[in-house]
Amino acid sequence: RLGSGDCEAQARTRGTCGRAQPPPPRSAAMATRSGAADASCAAAAAKGAPEPAKTGECFVMYVAFFFVGIGCGWFPCDAILNLCLNEPSLGGIWMARALLIGGITGVVEGVLYLIYVVILAKPFSFRVMQRVATVLIGMCVVELFVLAGFWQVGAPHHPVMVIATILGYFVANTTYLLLFPMIATYYGGWLVAPVRTGTDMSTVITAFLGEAQNPSGAHNVVPSWTLLVCYAAAAMAGMASWLVIMRRGTGLRAEVAEALAGGKSPAPARARVDTTESLELGAAQAASGGAVVEHSDDSSTPALWARARVVEAVRQRLSLMWCPRQLL
């Protein structure tokens with residue numbers, strides 16, 4: 001134990017007796033650094049906090065494009081297949097006919113699209129693609145209403161069903177050829193997912209309702225026109241969603257929205273390859289094994305330049321069929 005003298009000596013040397021020393025004052029630089037660190041932490045926390053408004057906006061956008069996929073999906077095709085399965089007057093022979101008509105329609109449309117892309121090499125504009133999507137959804141609605149009222153006309157040949165099958169597969173195939181590339185190029189790339197979900201959901205809906213219509217396989221619980229009207233109502237919801245999307249510019253990329261606001265035609269995300277002299281020089285260099293080839297009027301290398309032009313022409317047309325980066 002320390003005596004009073006020892007405590008007094010300790011107090012004189014250390015400046016305290018029986019109590020702790022106060023912490024040394026912080027310098028101005030230390031206080032500034034600490035304040036900056038606290039501000040950065042607060043900013044990071046605010047940045048990481050969820051934004052309910054933005055989340056809700058994305059959800060509404062997802063639902064809108066989901067109904068667009070329903071509107072231009074497989075409703076007509078699957079509705080016709082349900083008719084073939086559930087209506088005794090049609091039978092299995094019409095199932096085979098519907099699938100055959102759908103296969104021929106897909107092959108013909110694919111060949112025509114390939115010819116257009118390779119020979120004409122002129123991509124569709126944004127406005128044209130929007131109008132095509134509107135026409136596709138409108139065709140789907142009209143087909144379903146016509147089938148609801150007139151599918152049995154002209155039996156046993158059923159010309160209404162034949163025409164509806166052709167147009168139904170045309171709508172579904174054109175959706176994959178034009179609508180999906182348009183969404184991936186001019187709208188947010190993630191919006192391809194709800195559109196594809198909607199097209200698949202149209203198949204799920206027709207499958208479940210077709211099973212509920214005739215669960216025993218011998219008797220229809222409800223008439224077929226009732227289901228066709230329900231399908232048409234779902235497609236009309238898709239039409240309404242698409243019209244609102246076009247009117248408000250929902251989901252457009254920033255550069256596309258700016259171009260439309262300025263009265264200009266928006267350019268696609270991947271610009272087409274132009275056949276210019278520089279590209280011909282690059283193709284000639286590639287054809288020559290990497291050697292530098294200078295353009296001249298000398299006829300000593302006509303075969304090389306002819307080959308370069310052919311290679312570049314093929315490359316230019318094939319570039320129009322490249323998959324957009326947003327789909328990868």
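Things worth noting here:
- Top-ranked residue in segment 114-153 [being outside any helix (DSSP H, G or I) and touching a residue at least 24 places away in the same chain (Cβ under 8 Å); ranked as farthest from Thr226 (Cα to Cα)]: Ala121
A quick yes/no check of all residues on (1) without any contact (Cβ under 8 Å) to a residue 12 or more places away in the chain; (2) closer than 19 Å to Gln213 by Cβ:
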{"residue": "Pro88", "(1), (2)": "yes, yes"}
{"residue": "Ala155", "(1), (2)": "no, no"}
{"residue": "Ile163", "(1), (2)": "yes, no"}
{"residue": "Val171", "(1), (2)": "no, no"}
{"residue": "Ala184", "(1), (2)": "no, no"}
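- Of Phe170, Phe180, all but one fail to be modelled with pLDDT of 95 or more, surrounded by fewer than 24 Cβ atoms within 10 Å (Cβ to Cβ) and either among the polar types (S, T, N, Q) or assigned by TED's automatic domain parsing to the domain that holds Pro76 (or both); the exception is Phe170.
- Gly106 under 24 Å from the mean Cα position of the chain (by Cα), surrounded by fewer than 19 Cβ atoms within 10 Å (Cβ to Cβ) and in the same structural domain as Tyr176 (by TED's automatic domain parsing): yes
- Note on segment 109-141: residues that are among the hydrophobic types (A, V, I, L, M, F, W, C) and either loosely packed, with under 15 Cβ neighbours inside 10 Å or farther than 18 Å from Ala240 by Cα (or both) total 13.
- Of all residues in segment 184-194 being farther than 11 Å from Gly69 by Cα and of a type in the set (A, V, I, L, M, F, W, C), the one that is surrounded by the most Cβ atoms within 10 Å (Cβ to Cβ): Ala184
- Considered as a group, the residues in segment 170-197 that are under 11 Å from Met129 (Cβ atoms) and hydroxyl-bearing (Ser, Thr, Tyr) include one that is farthest from the chain's Cα centre (by Cα), and that residue is Thr174.
- Apart from one condition, Ser216 fits all of (1) assigned to a helix (DSSP H, G or I); (2) over 23 Å from Leu252 (Cα atoms); the exception is (1).
- Residue within segment 42-51 that is more than 20 Å from Leu228 (Cβ to Cβ) and at pLDDT 90 or above present: no
The values are calculated or read from the model by the stated rules, or taken from the named source; none is laboratory data. Since the structure is predicted, the reported quantities are computational estimates derived from the model, not experimental observations. FYI the Cβ positions are ideal-geometry reconstructions off the backbone, even for glycines, and counts take in every protein chain you see.
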